[in-house]
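K.L.:
This structure is in structure tokens; I'll ask about it shortly.
The values are calculated or read from the model by the stated rules, or taken from the named source; none is laboratory data. None of these values were measured; they are calculated from a predicted model. FYI the Cβ positions are ideal-geometry reconstructions off the backbone, even for glycines, and counts take in every protein chain you see.
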Amino acid sequence: MQDIIATLIGSGLAALWDYLSAHVLLCLVPAFFISGAFSALVPTSTIMKYMGGVAGRRQVAVAYGFAALSGLVLEVCSCTILPLFAGIWKKGAGFGPAITFLFAGPGITLLSTPLAAVVIGVDFAIIKLILSIIIAVAIGVTMEKLFGEERVQEERGSLVSGDTNVEKVEGPTRTQSAVFFSVLTMVMIFGTAPVDLLTKTLLVVATSVVTAIVGVTVYDRRALEAWMMETLRFFKLIFPILLVGVFASGVVFPLVPPELIVSLAGTNSLGGNLFSVLFGTIAYFPTLVEVPIADMFLQLGMHRGPLMAYLIADPAISIQTLLVVNRIMKPARTLGYGGLLIVFSVAAGLLYGMF
């Protein structure tokens with residue numbers, strides 16, 4: 001028993017170390033700075049313009065379309081999306097579009113589609129992309145119908161105590177803000193790029209320096225201080241519980257051998273699709289790693305239906321995601337989000353497996 005406990009703890013610590021070394025510095029830290037900038041520097045009117053989704057069919061379409069396609073620009077994992085989600089949530093984005101953004105950020109990535117096309121097949125990759133976009137919008141719309149009315153202004157304000165937004169300060173022009181957020185976003189894009197570590201580090205350092213120069217040039221001291229305060233608040237809110245989730249997934253992972261996955265997901269059954277989705281929830285993998293893992297399952301005999309369900313769910317949901325989302329949205333909405341993601345992923349796998 002002691003050996004088993006030691007093995008599980010060792011697996012949890014290993015997962016924690018892998019996550020810290022591979023994600024935090026070059027991926028997650030830029031995401032916290034972006035979320036802080038969104039909260040402190042972006043006017044509420046701007047967020048509402050693109051992701052409000054509250055009035056008129058055209059605005060709703062723009063909000064959900066903008067949110068669903070965000071993953072094609074932000075190449076992030078299910079953990080890195082969390083501070084970005086928290087930022088737009090606090091800022092006042094529409095409830096449904098915010099949920100769509102939460103799924104689409106890691107679930108609909110530009111790089112995963114060509115990778116899946118090469119490894120698994122072009123038709124599989126294209127269908128997976130289309131299904132993921134449909135599911136992202138469907139989850140957002142359904143969550144809006146179920147819980148949208150319950151989201152009140154007081155709840156938004158309670159996410160991070162103290163509003164350091166600097167909208168009342170005379171700010172930069174729209175062009176200056178666009179340049180600043182463009183270079184700031186490039187820091188995270190380069191931090192998640194599939195290149196060697198040295199190249200990635202040099203690109204991140206270079207764009208970070210440019211971001212700092214542009215920030216000092218464009219914003220005054222009060223705005224920059226507000227940015228740093230919001231970044232720190234999001235870090236304190238999310239990072240500790242994120243580490244707990246990563247450790248927990250590392251502990252659970254050895255208990256679910258791949259052979260068991262294949263034996264239970266070798267046919268396009270309801271149980272096979274459900275099991276593959278639950279495995280994707282428990283076994284967290286960095287962005288794009290789910291594709292070679294899926295190829296391994298395919299070679300071992302997993303049916304393409306459950307394989308599709310796994311690839312849709314795995315990038316978008318994990319234990320640590322649900323733990324952090326619960327802190328932001330509270331239990332009922334978190335259960336609703338997780339349940340809908342599982343249901344839609346299983347349905348997509350069953351549907352694809354039939355054909």
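K.L.:
Can you tell me which of Pro315, Pro292, Pro331, Pro306 is crowded, with 19+ Cβ neighbours inside 10 Å and either over 18 Å from Ala104 (Cα atoms) or not assigned by TED's automatic domain parsing to the domain that holds Gly96 (or both)? Write out each step before concluding.
P.N.:
Numbers: Pro315 fails: either over 18 Å from Ala104 (Cα atoms) or not assigned by TED's automatic domain parsing to the domain that holds Gly96 (or both); Pro292 fails: crowded, with 19+ Cβ neighbours inside 10 Å; Pro331 fails: crowded, with 19+ Cβ neighbours inside 10 Å.
Testing whether each residue is crowded, with 19+ Cβ neighbours inside 10 Å and either over 18 Å from Ala104 (Cα atoms) or not assigned by TED's automatic domain parsing to the domain that holds Gly96 (or both) leaves just Pro306.
K.L.:
I need the full set of residues from the stretch 214-271 which are modelled with pLDDT under 85 and basic (Lys, Arg), in order please.
P.N.:
Listed by number, the residues that qualify are Arg233, Lys236.
K.L.:
Is there a residue being closer than 25 Å to Val118 by Cα, within 14 Å of the chain's Cα centre (by Cα) and assigned to a helix (DSSP H, G or I) anywhere in the stretch 291-310? Walk me through it before giving the result.
P.N.:
The first filter runs over the stretch 291-310 and keeps only residues closer than 25 Å to Val118 by Cα, leaving 291-310.
Then drop every residue that is not within 14 Å of the chain's Cα centre (by Cα), which leaves none.
No, the stretch 291-310 has no match at all.
K.L.:
Among the residues of the stretch 324-338, is there at least one that is over 17 Å from the mean Cα position of the chain (by Cα), more than 25 Å from Lys91 (Cα to Cα) and part of a helix (DSSP H, G or I)?
P.N.:
No; the residues of the stretch 324-338 include none that is over 17 Å from the mean Cα position of the chain (by Cα), more than 25 Å from Lys91 (Cα to Cα) and part of a helix (DSSP H, G or I).
K.L.:
Let me ask another. Tell me whether the stretch 192-202 contains one or more residues that are surrounded by 19 or more Cβ atoms within 10 Å (Cβ to Cβ) and assigned to a helix (DSSP H, G or I). Spell out the reasoning first.
P.N.:
First, the residues of the stretch 192-202 that are surrounded by 19 or more Cβ atoms within 10 Å (Cβ to Cβ): 192.
Okay, now just the ones that are also assigned to a helix (DSSP H, G or I), so none.
The answer is no; no qualifying residue exists.
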